[in-house]
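A quick write-up on the structure given underneath.
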Amino acid sequence: MADRGANDDGTLKALVSAGLIAVVRADVGLSVIDTAGEAASGIVPRRPLCDQIPALTGLDDQLESLKAYPGRRIEMANVSLAARDEVPARQDISVIFDHSARLFITAIMPSLANDALSIEREQSLRQRYLLETQIADQTRAVMAANEALNNINADLLDFTRIVSHDLKAPMRAMRYFADDIEQAIENSDTAGQLAAIDDLRFQTTRLSLLVSDLLAYTRLDDKSEAEAEVDTRRLIDLVIASLPRPDGIDVRVKGNWPQLTTTATLLDLVLRNLIDNAIKHHDLDVGAIDVLSDVSEEAMQLVVTDDGPGIPAKHRSSVLAPFAKLSGDRDAGSGLGLAMIDKILKTRGGAIEIGPRLDGRRGARIVVTWPLTMQSK
Amino acid sequence: MIVRKLMLLGDMAVGKTSIANRLAFDRFGESYKSTIGTDIYVYDVDPPPGGKPFQFLIWDTDGNFEDAMFRSHYMRGAHAAIIVGDLTRRATLESQLRLTQKFSEALPGRYFAAVLNKNDLTDQFPPEDDWLPDGLREPYFPLLRTSAKSGLNIQRTFEEAAQTIVRRHL
């Protein structure tokens, strides 16, 4: 114990045999406290060491066990009592029990790790560890960004494939109708010419609609859409009034339509497409479409219920993809309506759910959750 | 006077020393200097009316000890632990969970709590809790978000620890 100080075993034994507790400080030489209580260092004899040296707090049992094993010691390196305005000296604390004298001997020495070189080495190791941790964090972030980019690229590729296919279809049809017109002219078939021209006109309208919707769909990525105060009741009335529909199809507005601060154009687009879809895909001369709104603290819930043909369960998720159409429904629109709604909702942190009517009757029920505050996704 | 030894555990640079400094001296240093060995801080908790004075000896440990801490004399006789994680580094939260498990195994029945520190750096971690390791989303131990920089929940963490220790006679 005294190997780092000016003490040797002989001195310690002499101190112990004289009934003294020895507090050995290698930095200042040997300090001794006698049993009468004259304690220059503040250590009071006969009081448990654990009460006097904070570093030994809680070690009563450990200290007691040293009595049974005199060869053992408790050692704690680099301990300091932190102080407000000074750099505390770091110390190595060592406690042994002197069997012959039945006294604990505590050695408190300046820490070996306290020299400048050791600290510098330790700190450079730690800095390296921290840098490695930061690099690992950044690498993970870059990998996540790469994965997101790969997903975007895959989506873009799918989108391009679908767009090229769906643009080609009406153009191919136009070529066929041009051939039909030519054939009808050669045959002097005026009625045939007029019918083919009608078909051609329909295909150009379809192509025009497709291009307009495509433009609207791509513009949804523009996040600069400003929020404004919107009277949703007035908005839904305007949307319904602007949509052409057969006389037998009734659109009914129900529920609570609040005043909101939100992105008006996008909400308009969602409502317009929901109702337009329900009208366009209705297969009967007479029908009813109910548009219900309900508001909670976090979101406005829009429920559109119709009594049209409904959407079969197997198509409910695929109809959200761009240009998705159900079979037998080739001419009803561009196939971008629900895709636009889905994209808007994903951007805002909302959701769309497509299902059957709750009352078991024919028709579809679409529930849109429109968050009151925009959540970046 | 009730004196209890409380360990501050957690990975390197999660803010253990900053928490101890905020608590004991009400200060926060911007520069990082890692703890080598152990620093002991003394913190007096205001006793309830009629209660005994209560003092924590807070052992701010070297984060580099990791699990070896549980086999060292530094840990012996500890009455409690506050286990610290850094909200801006997820790996430190995994370590934090492991340390809670190790502490409850090494010192069964002793009080421990976890704190998610650096809560002031809100631009460096997601706002929702769903990214946190499972054991920290629904913990079976006390868990608070703290900021040694602003002082958020620092005193409260230690006051709650003292109250529980007194109530349970730990």
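The values are calculated or read from the model by the stated rules, or taken from the named source; none is laboratory data. Note that the coordinates shown come from a computational prediction; the quantities given were computed from them, not determined experimentally. Don't worry about glycine lacking a Cβ; one is built from the backbone with ideal geometry, like all the others, and counts go over all protein chains shown. For accessibility, only protein heavy atoms count, side chains too; no ligands or nucleic acids. Shrake-Rupley method; radii C 1.70, N 1.55, O 1.52, S 1.80 Å.
The set of residues in region B:78-105 being outside any strand (DSSP E or B) and within 14 Å of another protein chain (Cβ to nearest Cβ) consists of B:Ala78, B:His79, B:Leu87, B:Thr88, B:Arg89, B:Arg90, B:Ala91, B:Thr92, B:Leu93, B:Glu94, B:Ser95.
Here is a yes/no grid of residues against (1) touching a helix residue (DSSP H, G or I) at 6+ places or on another chain (Cβ under 7 Å); (2) part of a loop (DSSP other than H, G, I, E, B):
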| position | (1), (2) |
| --- | --- |
| A:Ala195 | no, no |
| A:Leu215 | no, no |
| A:Asp247 | no, yes |
| A:Val270 | yes, no |
| A:Asp276 | yes, no |
| A:Asp283 | no, yes |
| A:Val291 | yes, no |
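Out of region B:1-27, which residues are at pLDDT below 90 and part of a loop (DSSP other than H, G, I, E, B)? The answer is B:Met1, B:Asp11, B:Met12, B:Ala13, B:Asp26, B:Arg27.
Screening B:Leu116 with (1) within 27 Å of B:Pro53 (Cα to Cα); (2) assigned to a strand (DSSP E or B) gives one miss only, at (1). Check region B:154-167 and report whether any residue there is small (Gly, Ala, Ser) and open to solvent by 10 Å² or more (accessible area, probe 1.4 Å). No, every residue in region B:154-167 fails to be small (Gly, Ala, Ser) and open to solvent by 10 Å² or more (accessible area, probe 1.4 Å).
With the condition kept exactly as written, say whether any residue in region B:142-165 is of a type in the set (Lys, Arg), assigned to a loop (DSSP other than H, G, I, E, B) and over 27 Å from B:Arg27 (Cα atoms). Checking region B:142-165: not a single residue is of a type in the set (Lys, Arg), assigned to a loop (DSSP other than H, G, I, E, B) and over 27 Å from B:Arg27 (Cα atoms). Residue check: is B:Pro47 free of Cβ contacts under 8 Å to residues at least 12 places away in the same chain, within 13 Å of chain A (Cβ to nearest Cβ) and either open to solvent by less than 60 Å² (accessible area, probe 1.4 Å) or part of a loop (DSSP other than H, G, I, E, B) (or both)? Here the answer is no, as B:Pro47 does not meet what is asked.
Limited to region A:214-245, what total is found for residues that are in contact with a strand residue (DSSP E or B) (Cβ under 6 Å, 6 or more places away or on another chain) and at pLDDT below 85? Of the residues in that region, 1 qualify.
Kindly check whether there is at least one residue in region B:106-121 that is within 14 Å of chain A (Cβ to nearest Cβ) and under 16 Å from B:Ile19 (Cβ atoms). Yes. Checking the stated criteria, B:Leu87 turns out to be modelled with pLDDT of 90 or more, out of contact with any Asp or Glu (no Cβ under 7 Å at 6 or more places or on another chain), open to solvent by less than 50 Å² (accessible area, probe 1.4 Å) and not small (Gly, Ala, Ser). If only residues of region A:279-303 that are more than 30 Å from the chain's Cα centre (by Cα) and at pLDDT 90 or above are counted, the one that is most open to solvent (accessible area, probe 1.4 Å) is A:Val286. In region A:247-263, the qualifying residues are those that are in contact (Cβ under 8 Å) with a residue 12 or more places away in the chain and open to solvent by 30 Å² or more (accessible area, probe 1.4 Å), and the one that is nearest to A:Asp307 (Cα to Cα) is A:Asp250.
Against the list (1) assigned to a helix (DSSP H, G or I); (2) open to solvent by less than 50 Å² (accessible area, probe 1.4 Å); (3) more than 7 Å from every other protein chain (Cβ to nearest Cβ); (4) modelled with pLDDT under 70, the condition A:Ala113 fails is (3).
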